[in-house]
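The values are calculated or read from the model by the stated rules, or taken from the named source; none is laboratory data. All values reported here derive from a predicted model rather than from experimental measurement. Virtual Cβ from ideal backbone geometry, glycine too; neighbours counted across all protein chains shown. Ligands, DNA and RNA are excluded from the accessible area calculation, which covers all protein heavy atoms including side chains. Shrake-Rupley method; radii C 1.70, N 1.55, O 1.52, S 1.80 Å.
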Amino acid sequence: MSSYAAVLRTPHALSTFGAALLGRLSYGTVSLSLALAVKDASGSFAVAGTTLALFGATSVVLSPARAALVDRHGPRRALVPMAVVYAALLTVFALVTREQPGAVTAGTSGTPGTAGASAALLGALAACAGSCTPPLGPTMRTLWGQLLRDRRMLQRAYSLDGVAEELLLVVGPLLVGVLVAYAEPAAGVAVSAALVLVGTVALALSPVPFPVRTGRPRARGARSRRNGPRGLAQPVLAAAAVGLCLGGLDLLAIAFTEQQHRPGAVAWILAALSAGSAVGGLANGAVSWRSAARPRLAVICAALGVALAAAGLAPNVYTLGAAAAVAGLFVAPALTTAYLIADEAAAPDARTRAGAWVNTALNAGSSGGTALVGLLVGRLPLSLCFVLVAAPALVCGSAYVWFRVTPSSRRLRLLVSSFSRSAR
């Protein structure tokens, strides 16, 4: 733990990191708050789900574009306007969905409560708010690179950042639960707006210098492997594979506990996954690795795949919880290593966008994994579903070995031979 204390003792590190965490706590509260507020305002789970999907889609898909604005203009000129617009839209959303005494909730039998809000208006507000979400995570990782020039210290900072972010995603819904016990769900949306505004402004005012793009053209031939898209391919694909695994595991845990007639155990299984991820992340950051990051990422992804495939053999919920904890040991290290590789591969004035691509791949993979498993559960045995969920991580790990160890000429011969056999 002394190594993590050394990270936080770096000048301006604690205040900058604290501001980023305050703003990012909003991302742990906003989704549940939006869902509850829309459900109360519209009286429809379908409208709530659609609204939340629109918010998530615009937030994830446009993340690299918003990060590029931060790279080009810096946090003060890019992040602050985003946060102001984002917070304003969430505030309007909270006002639209707030309780109005004597009003009638749409879809109910006429009981006084919240005003029936237009589904189109709620969807439009959610989509617009999602498109303005400030990229606080990628920005903070760029600032870590400015604060810490030592790569070992940067690895520890990334590990600490990843574990803290995961804890915020656990604390956020708990905070919303406390709020809705004493106030209406719209209050959670308003609190989310306040958190992101205060945290973003404090982060933007950090004295840490930010590598802003100058706009001057690079000299011909100055382009290096750091600036090309190839350097980002492995970390982005690895993050997508981890996302696919995690998105699929969430739904498989629900299906498994229902099959075992223990539906309440799903929360403990997912908690074991998060706990394992936190332990793995802290351990990964504390180790001074001698191996290069890229082969290490391949090994971590393969280990995650093996752990998830083995989880399909679990005979009961206790064994599955233990297997989930073991799988979690590789989640945070995989993401931390992916972010480190992306940071190394990006040009100094494109680091925020590189981190945003990794983050986007993770979120997109998670959504895709959930959708895929939703189609497979009930049609295939659960043990086979676990293997299929583990496949992306296994493929990601083995693909690196394939392309790095096997000569290109031999790869071509093997592919031609395989195609010929299948044709026969």
| field | Additional length obtainable on full extension of the chain from ILE254 to ALA322, 0.36 nm per residue less Cα span | value | 22.9 nm
| task | May I ask you to derive the FRET efficiency for ARG379 and LEU121 from their Cβ-Cβ distance with R0 = 56 Å, giving the value to the nearest 0.05? | result | 0.90
| Prolate/oblate/rounded label for region 302-348 (Cα gyration tensor, a/c 1.5) | prolate
| task | Can you tell me how much longer the chain between ARG149 and HIS12 gets when fully stretched, taken as 0.36 nm per residue apart minus their C-alpha distance, in nm with one decimal? | result | 47.9 nm
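Would you please put 164-172, 375-383 in order of how densely packed they are, using the mean number of other Cβ atoms within 10 angstrom per residue and starting with the highest?
So the peptides 164-172, 375-383, ranked by packing, come out 164-172, 375-383.
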| field | Part-to-part distance (alpha-carbon centres) for region 43-79 and region 355-374, which is given in Å | value | 15
| Accessible heavy-atom area order of TYR318, TYR182, highest first, probe of 1.4 Å | TYR182, TYR318
| remark: So for R0 = 41 Å, FRET eff. of ALA202-SER291 from the Cβ-Cβ r, to 0.05, ends up at 0.65
| request: Determine, for each peptide in 6-17, 355-366, the mean count of other beta carbons within 10 angstrom over its residues, then list the peptides with the highest first. | output: 355-366, 6-17
| said: Given points 7 Å out from each Cα along the Cα-Cβ axis, report the ALA181 to VAL85 separation in nanometres with one decimal. | reply: 3.8
